[in-house]
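Nothing in this text is a laboratory measurement; each read-out follows from the coordinates by a stated rule. Everything numeric here is computed off the predicted structure, so don't read it as measured data.
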Amino acid sequence: MVKLLNPASSTCLSLTNHHFYRIHNSIHGTVPLNAWVLPLNRDSGVHVFTLLGQWAGRRLVVDRECRKFVTLWQYGMQCLDYCTAADEIIKGLVVRKMERAKAKREAS
């Protein structure tokens, strides 16, 4: 079954089960997040990161430079500018954590 899927679609399937992941990895290897997942009609598609973004939740974002999912903390404050009002709690936690880390660096 995995051999019949394109690498991007196989990536999505492989995340459902560690056995599928092993099979996917042996056939397709690492697939970039900007690979296209094509629907059956082949008229349009979406990037893997678009589909996996919904799966990853609000605490992870795609860092397009390093092409992987990272936490908001790792991504930095520039990502937080795009947060919705519902994400203000997470934003506050990240800001406090960054302030504590900065104070710790300055103290040492």
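Diagonalising the gyration tensor over the Cα atoms of the stretch 1-56 and scaling each eigenvalue by 5 before taking the square root yields semi-axes of 18, 13, 9 Å, largest first.
Using 0.36 nm per residue of separation minus the Cα-Cα distance, give me the extension gain between L13 and R58 in nm, one decimal.
14.1 nm
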